[in-house]
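So the structure is just underneath, and the comments pick up after that.
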Amino acid sequence: MTLKQGKNNQTYQVLSIDIEVKLERRLEALGLTQGTHITILNNDKKGSLTAKFRGTRFALGKRIADHIEVKEVSLS
Amino acid sequence: MKNIINVGFIGNPNCGKTTLFNAYTGANLKVANWPGVTVEKKEGQTTYEGDVYKLIDLPGIYSLSSYTMEETVSRQCIMSDEVDVIVDVADASCLERNLYLTLQLIELGKPVILALNMMDIVEERGMEIDLHRLPEMLGIPVIPVSARKKTGLSILMHAVAHHKTNLHQSPLIHHHPGMQSSHIHNHHNEYAMVYEDYIEDKIDGIINKLNEKYKELPNKRWHAIKFLEKDTTVTEHYPLEIDDIIDKSYEKNIINQKYNFIEEIVSETLVNKSEKAASTDKIDRYLTSRFLGLPIFLVIMAFVFFLTFTIGDWLKGYFEIGLENFSAFAAEGLSAIHTNQMLSSLVLDGIIAGVGGILTFLPNIFILFLALAILEDSGYMARVAFVMDDIMGHLGLSGRAFLPLLLGFGCTVPALMASRALEHPKDRFKTIMVTPFMSCSARLPIYVLFSSMFFGKNAMLVCYSLYLLGIIVAIATAYILSKIDGTKAEHALLIELPEYKSPNTHTIAIYVWEKVKDYLGKAGTVIFIASVIMWVLLNFGPAGYVTDISQSFGSLIGKVIAPLFRPAGLGYWQIVVALIAGIAAKEVVVSSCSVLFGIQNITSASGMDSMVDTLGSLGFGAANGLALMVFCLLYVPCTASIATMQRELGSAKKTFGIILYQLAVAWIMSVIVYHIGLLF
């Protein structure tokens, strides 16, 4: 599933990021790489969503959220 | 002998570098709570123990790989000889994110000092940072500071003084349970950031090759890592045959391993990880909500303008009384000392009428900027980018581009500069093109004056609709541009949402004071000079000093151009002269009118009445007034904004094109509005 399909307040693990290199690098520099845990805060809108990773909140555009493959993580 | 030591302040966006810089240098640079406020590097000085320190405040960056213009500025500066000591400012309340840049800076091999900023917030949230263990793991001095409360400043300078030449790092103490390197050297004694063995092997291999080919190259380890990341600036600069060592880019592995190490650091040094962030989430539930987000934003903006007009106008009344008294007093004084008629006309009709008229708008300007400052300092601006992203997407822009537009309500010049935070040149051009349509505070006096002259109790409604018209023209322009270039949107919103904080009085005071000072400065310079020039043009003609202004140079110039403006109901030479003068600064339109029509206190009720009478006798009514306001809203904002546009675009052709477009739009819209207005 993609990050855009995710639910609010659920934590996911990034499986892959499939977007142009420039943007991928930018996300990597922010610490969003394969394996990073990311928690969706607000995915109610059609377009962009807000999420938290590596301790910081971010607003991510739809195009980014559509191109991040994630899987659910059950926090024990 | 005095040494000058160059200290570069670098860190993530919104971590408080500028606040720290201001604290040292006494400068009043603007700070706010959204990422990307500083877009240019700024320099200042301080002295410590007899040495002079040149401090450089740089735009915030997340990593040393550069993507946007502001990041390139910072990276180039920090890597050049311009900087002797790096002060890495980190937001201690968000250590995990900030340490990534720290690790990259340490690898550069220059002296680095970590300034842990916002320690007061860390305490407030009940977190604690092990300040003994952190430097042990990083191998660099770590100084807790609070730029806002000005604590730890001298200790930080002390550390800079003592580590300026000290390339050798403090002893490193690692534990790394179960991860002891089986590498030839135990790098853990030498470097803070040690990669897994297979990476370290490759680094060693590349260093060996570098030793053969580029013996003089400093800090080979850093270069080797850049080779592994396939960083083009390094690989092109130092061609090296290393295909046998690396088969692909190891950038991802390097990033991941850095973040793994950061996790280790955070787990060892951060006690009581914050739970208090919850309040920001709670507020965000409303402010960024799908259905409430946009209405809340609109209500907030409407409230801002409501305050600007109502409270501003109320205070303005007192300024007018003051101006009237002053003008009468000056007139009395001048005649008492028998000043000749020409000089007293210059002082009363030229300077006091022109500059004084502008000064009475100070309360409106003050309130508008106060409101913007509070919005910016609270952390709400980044949310606005999120709320507006979907709408901006239809215009071919990212939500991030909305921030320059919003700042445009204050002043066009900084708004144009804020467009630097956009990554794509196309987005920047579009944003720069539409930003001037957002009605800046300099246009406010024109609306206030003409709408209260012609529209009485509907004046505020007219003001609102002008703001709205500016927004609509901006949106339409962006929409047309996105249809023309037709390329699929490359932009994608990516912006940090900072924690909310209660606005800081000091920060806001600086912000507002700077704007008020600008406004006063403008009144004392541009508007003063424009008023004097205007007076000269209106009191001298081919026949010398004239008392009938219809014989003056100004009138002659205006009469030549006036026919061009007739379709817009603005074909009066006085209005044309005022509009031309308004290119210097928009307020000049108002000050010129008072000089042109010889009304000393144009903003007072009696002044307005006599102005309406004068204009009425010329056949200039409400429809003409509305057309004038529309023209002023849309045509070239001011000389300063033209200069800024030219600097940001770096192309005289594009700048000129935008100016022509603005004039054309202003003319067309005012013609339309005039003819619609005539129907009523």
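Some observations on this one:
- Net +/- balance of residues flanking B:A523 in space, Cβ distance below 14 Å, scoring K and R +1, D and E -1: +2
- For the pair B and A, the buried accessible area comes to roughly 3300 Å² in total, with a 1.4 Å probe and the value rounded to the nearest 100.
- Percentage of interatomic Cα-Cα distances in chain B larger than 49 Å: 27 percent
- Prolate/oblate/rounded call for chain A, Cα gyration tensor, a/c under 1.5 rounded: rounded
- Theoretical ellipticity at 222 nm over chain B - DSSP helices of four or more residues, -39500 (n - 2.57) apiece, nearest 500: -18500 deg cm²/dmol
- Leading residue at positive end of dipole, the protein assembly as shown (Cβ point charges), from B:V347, B:F9, B:I296: B:V347
- Here region B:363-505 exposes an accessible surface that is 69 percent carbon and sulfur, computed with a 1.4 Å probe and the other protein chains kept in place.
- Per-residue SASA entry for B:I121, accessible area with 1.4 Å probe, Å² rounded to 10: 20 Å²
- Principal-axis tilt of helix B:526-539 within chain B, Cα atoms, nearest 10 degrees: 20 degrees
- Measuring nothing but protein heavy atoms, the accessible surface of region B:4-163 at 1.4 Å probe radius is 49 percent carbon and sulfur.
- Computed from the C-beta positions of B:I480 and B:I391 and an R0 of 25 Å, the FRET efficiency is 0.95 to the nearest 0.05.
- Each Cα pair under 8 Å and six or more residues apart adds its sequence gap; the mean of these over the residue count of chain B is a relative contact order of 12 percent.
- Counted charge near B:G598, where neighbours are those whose Cβ lies closer than 12 Å (Asp, Glu -1; Lys, Arg +1): -2
- DSSP beta bridges fully contained in the protein assembly as shown are about 65 percent antiparallel.
- Mean shadow area of region B:187-271, taken as a quarter of the surface of its Cα convex hull (nm²): 6.2 nm²
- Cβ-Cβ FRET estimate between B:I672 and B:D609, R0 fixed at 35 Å, reported to 0.05: 0.75
- Across chain B, the longest run free of exposed loop sites, meaning GluC sites (Glu not before Pro) lying outside DSSP classes H, G, I, E and B with no more than 16 other Cβ atoms within 10 Å, spans B:276-489.
- Residues of region B:229-256 that bury at least 40 Å² of accessible area once all protein chains are present, compared with their chain alone (1.4 Å probe, heavy atoms only, ligands and nucleic acids left out), are B:E251, B:K252, B:I255, B:N256.
- Listed pairs B:K42/B:K515; B:K42/B:K110; A:K46/B:K654 exceeding 26 Å between Cα atoms: A:K46/B:K654
- Its relative contact order, with pairs defined as Cα atoms under 8 Å and 6+ residues apart, puts region B:455-592 at 14 percent.
- Region B:4-163 - Rg (one decimal) and Dmax (whole number), Cα, Å: 14.2, 41
- Accessible surface for region B:187-271, divided over its residues, is 48 Å² per residue with a 1.4 Å probe.
- For B:N504, neighbours were defined as the other residues whose beta-carbon sits under 9 Å from its Cβ, and their charges (Lys and Arg +1, Asp and Glu -1) total +1.
- Loop-located chymotrypsin sites (Phe, Trp or Tyr not before Pro) in region B:1-31 (DSSP state other than H, G, I, E, B) with a sparse environment of at most 12 neighbouring Cβ atoms within 10 Å are absent.
- Using the Cβ-Cβ distance between B:I529 and B:L663 with R0 set to 25 Å, the FRET efficiency works out to roughly 0.60.
- Rounded tilt (10° steps) of B:605-617 against the dominant C-alpha axis of chain B: 60 degrees
- Flagged links, alpha-carbon separation over 18 Å, of B:K202/B:K248; A:K52/B:K30; B:K17/B:K150; B:K17/B:K149; B:K426/B:K586; A:K45/B:K483: A:K52/B:K30; B:K426/B:K586; A:K45/B:K483
- Between helix B:639-649 and chain B: long-axis angle, C-alpha atoms, 0 to 90°, nearest 10: 30 degrees
- Computed on the protein assembly as shown, the Cα convex hull volume stands at 195 Å³ per residue.
- Look at the dipole of the protein assembly as shown built from charges on Cβ: of B:T547, B:L618, B:M417, the Cα furthest out on the positive end belongs to B:L618.
- Over the residues of chain A, the helix contribution to mean residue ellipticity at 222 nm works out to -4500 deg cm²/dmol, using -39500 (n - 2.57) for each DSSP H run of at least 4.
- In this structure region B:4-163 gives 30 Å² per residue of accessible area when probed at 1.4 Å with all protein chains present.
The values are calculated or read from the model by the stated rules, or taken from the named source; none is laboratory data. Computed from a prediction, not measured in an experiment: that's the story for all the values here. Methodologically, a virtual Cβ is constructed for each residue, glycine included, from the backbone with ideal geometry; neighbour enumeration extends over all protein chains shown. Keep in mind that these areas ignore ligands, DNA and RNA; they rest on the heavy atoms of the full protein, side chains included. Shrake-Rupley method; radii C 1.70, N 1.55, O 1.52, S 1.80 Å.
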